[in-house]
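Have a look at the structure below, then the notes.
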Amino acid sequence: MVQPTQTRTTANDYYASDAYAQNDLIQLIEGEVIILMPPILKHQRLVREILILLSLIAREKGGEALDSPVEVYLDEDNIYQPDVLYLSVDTQCTVEEKRLVGAPELVVEVLSPSTAKYDRQQKYQAYEKHGVHDYWIIDPIHEIIEVWSLNAQKKFERQGAFAVGDTFQSAVLGASVDVTAIFNI
């Protein structure tokens, strides 16, 4: 269950809050503190499979794959914990001790009933605005991966919705992605 606060919060107040100190699964979305419940097992299994895929690619080509809870500071109002992310070798994202600052090249969010609205609206807009090159939205119920990529105008363009049996090419990864392998959990 998502528990939003009633007042807007900035990054400094967010980091100083008791809620931040007491919760591992917490995000700041458009100035709202969102405390998340632990995900269901299917969600975590999908996260694991995507992390394995991205880690193998990183091992071969360079870069780094990370999973939640890793904090991504986009701006004063938006501090997220993407389910999985990938940093390329030449990333512009700054890696600090406790968080990443700036946009990773690839962000993956696995939908859950309590977060789907944020993943499809506020996070989508923030990832686009801050220059995440590829954004994958995973629907665990329908077993579909929506792939969005920044175009020349720095706007997300839908590359497609891919299901079991499909593959798609990821420019960020420089590799083909087998959707069946991700959902084979």
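The table below lists the values:
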| item | result |
| --- | --- |
| Share of carbon and sulfur in the accessible heavy-atom surface of the chain [1.4 Å probe, %] | 50 |
| Highest-MSF residue in the chain out of Gly160, Gly174, Gly131 [GNM, Cα springs under 10 Å] | Gly174 |
| Measure of compaction for region 88-185 (Cα Rg per 2.2 N^0.38 Å) | 1.10 |
| Under 12 Å, Cβ to Cβ, from Asn12 - net charge with Lys/Arg +1 and Asp/Glu -1 | -3 |
| Heavy-atom accessible area per residue - the chain, 1.4 Å, Å² | 52 |
| Magnitude of the charge dipole, region 1-104, Cβ model with Lys/Arg +1 and Asp/Glu -1, debye to 20 | 460 |
| Distance in nm between pseudo-label sites at Asp178 and Lys117 (7 Å out along the Cβ direction from Cα) | 3.9 |
| Cβ-derived FRET efficiency at R0 30 Å, Tyr15 paired with Lys129, nearest 0.05 | 0.90 |
| Residue-count net charge about Glu76 - beta-carbon cut-off 12 Å; Lys, Arg +1, Asp, Glu -1 | -3 |
| Additional length obtainable on full extension of the chain from Glu96 to Asp139, 0.36 nm per residue less Cα span | 12.4 nm |
| Percent of C-alpha pairs per 5 Å bin, the chain, short to long | 1, 8, 17, 22, 21, 16, 9, 4, 1, 0 |
| Computed label-point distance, nm, for sites Lys61 and Phe168 using a 7 Å Cα→Cβ extension | 1.5 |
| CD proxy at 222 nm, helix term only [per DSSP H run n ≥ 4: -39500 (n - 2.57); per residue of the chain; nearest 500] | -7500 deg cm²/dmol |
| D_trans [Stokes-Einstein, Kirkwood Rh over alpha-carbon pairs] for region 76-125, 25 °C, 0.890 mPa s, µm² s⁻¹ | 204 |
| Sorted peptide list for 38-45, 15-22, criterion being average Cβ within 10 angstrom, highest first | 38-45, 15-22 |
| In Å², nearest 10: area of Phe162 left accessible to a 1.4 Å probe | 40 |
| The chain, relative contact order in percent, only Cα pairs under 8 angstrom and at least six apart counted | 16 |
| Charge tally in the Cβ shell below 13 Å around Asp90, where Lys, Arg are +1 and Asp, Glu are -1, Asp90 excluded | -1 |
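The values are calculated or read from the model by the stated rules, or taken from the named source; none is laboratory data. Owing to the predicted nature of the structure, the values given are computational and were not obtained by experimental measurement. Positions of Cβ are generated from backbone atoms using ideal geometry, with glycine treated the same way; all protein chains shown enter the neighbour counts. Ligands, DNA and RNA are excluded from the accessible area calculation, which covers all protein heavy atoms including side chains. Shrake-Rupley method; radii C 1.70, N 1.55, O 1.52, S 1.80 Å.
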